[in-house]
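Worksheet: one structure, shown below.
Here, each number is a calculation from the coordinates, and none is a lab measurement. Note that the structure is a prediction, hence the values are computed from the model and not measured. Cβ: placed from backbone, ideal geometry, glycine included. Neighbour counts: every protein chain shown.
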Amino acid sequence: MITSAHIDDIRNQVRAWRAKGETVAFVPTMGNLHQGHITLVKEAAKKCDHVVVSIFVNPMQFGQNEDLDAYPRTLEADSQALTAAGAELLFTPTPAIIYPKGLAQQTYVEVPGISDVLCGASRPGHFRGVATVVCKLFNIVQPDVAFFGNKDYQQLLVIRTMVEDLSLPIEIIGVDTIREASGLAMSSRNGYLTAEEKAAAPALKKAIDAMAQGIKQGVSIEQVTAEAKASLIAAGFTPDYLEVRHATTLAHAETTDQALVILAAAYLGKARLIDNLRFDR
């Protein structure tokens with residue numbers, strides 16, 4: 001696997017592949033990789049001739065009181081895992097390379113509406129940072145296909161909308177959430193959990209599953225949501241949000257909506273965990 005922090009190196013290698021008529025897949029990450037990331041890389045390798053991965057802890061998507069400095073950096077282990085998974089090109093830029101004029105002078109990309117609710121409301125500016133860095137990475141790598149995890153459901157919709165609105169010639173593929181045996185969605189932030197919190201963490205998935213089952217049985221959204229919040233609090237969580245939305249627009253669910261998604265974010269100790277469940281009523 002070729003590793004470089006330099007934009008020209010990435011573009012030259014991709015250009016060489018394209019000169020031979022070969023296709024390129026891209027998996028953007030912030031590193032500290034787990035099996036969910038590796039699954040994205042393996043799926044990308046099935047779809048295209050070559051796989052490019054980026055590791056960049058993006059300062060633009062972190063708020064003032066968030067964990068930018070504490071975010072785990074594990075480049076050596078990540079590189080070994082990516083090589084084994086079939087990645088051929090790893091882009092490891094610094095903030096100075098991605099934002100040479102600094103964040104205050106950086107042109108940004110903003111996806112209105114869908115970025116402003118849920119995680120967007122809890123973390124102002126977060127999706128501006130996500131959309132901007134992903135757009136920049138897309139312009140650097142110029143992939144045919146890009147892969148993202150469904151665990152970050154709202155992020156996936158933001159990126160799909162951005163690609164559509166800006167007419168980017170990139171296919172976006174979402175890959176099912178990879179879970180631990182307990183049902184807990186794999187996340188780099190799971191490393192913040194103590195042993196006791198790790199044992200309690202699967203309650204988030206159980207609460208979402210119970211909500212979906214209740215809605216399918218005709219129980220009101222208000223009732224299943226109240227019961228799920230109570231169960232999370234009893235398990236030691238501090239809920240941020242727990243909502244049922246239209247699966248493609250993220251508008252508040254109406255009684256006539258069939259395609260729904262439950263989205264949750266909750267604090268457990270130092271970790272902010274997110275999860276979701278897409279289902280039909």
Cα-Cα pairs of the range 1-160 separated by more than 29 Å (percent): 15 percent
Degrees between helix 126-141 axis and first principal axis of the chain (Cα, 0 to 90, nearest 10): 30 degrees
Derived scalar couplings ³J(HN,Hα) [the range 154-166; Karplus, 6.51 cos²θ - 1.76 cosθ + 1.60; whole Hz; x for Gly, Pro]: 5, 4, 4, 5, 4, 5, 4, 5, 4, 4, 5, 5, 9
The range 186-278 - percent relative contact order, Cα under 8 Å, separation 6 or more: 30 percent
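If you average the sequence gap of Cα pairs under 8 Å that are 6 or more apart and divide by the length of the chain, what percent do you get for the contact order? Can you show the working numbers first?
Working: 471 pairs, mean separation 46.5, N = 281.
Answer for the chain is 17 percent.
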Paired Rg and Dmax values of the range 1-83, which use every Cα atom, in angstrom: 14.3, 47
Ordering of 220-233, 45-58 by packing [mean C-beta count within 10 Å, highest first]: 45-58, 220-233
Relative contact order (%) - criterion: Cα under 8 Å, at least six apart; region: the range 1-74: 31 percent
Rg over Rh, two decimals, the range 186-278 (C-alpha only, Kirkwood Rh): 0.99
Amide H contacts under 5 Å for GLU171, placed H, 5+ residues apart: VAL145, ALA146
Förster radius 45 Å - calculated FRET efficiency between ILE173 and ALA121 (Cβ-Cβ, nearest 0.05): 0.95
Cleavage-rule hits, trypsin sites (Lys or Arg not before Pro), the range 1-33, DSSP coil, Cβ neighbours within 10 Å at most 11: LYS20
On Cα atoms only, tilt of 221-234 relative to the major axis of the chain in degrees: 80 degrees
Given charges at beta-carbon only (K, R positive; D, E negative), |dipole| of the chain in Debye: 220 debye
Inverse of mean 1/r across different Cα pairs in the range 125-237, Kirkwood, Å: 16.6 Å
Rounded Å value of the spacing that divides the Cα centres of the range 102-161 and the range 67-89: 21 Å
Rounded to 10°, Cα long-axis angle of helix 203-216 versus longest principal axis of the chain: 70 degrees
Value of [θ]222 nm, deg cm²/dmol, for the chain, DSSP H segments ≥ 4, -39500 (n - 2.57) each, nearest 500: -11500 deg cm²/dmol
Three semi-axes of the equivalent ellipsoid, the chain, Cα gyration tensor, whole Å, largest first: 33, 20, 19
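When every alpha-carbon pair in the range 121-181 is counted, what percent end up more than 17 Å apart?
Working: 735 of 1830 pairs.
That fraction is 40 percent.
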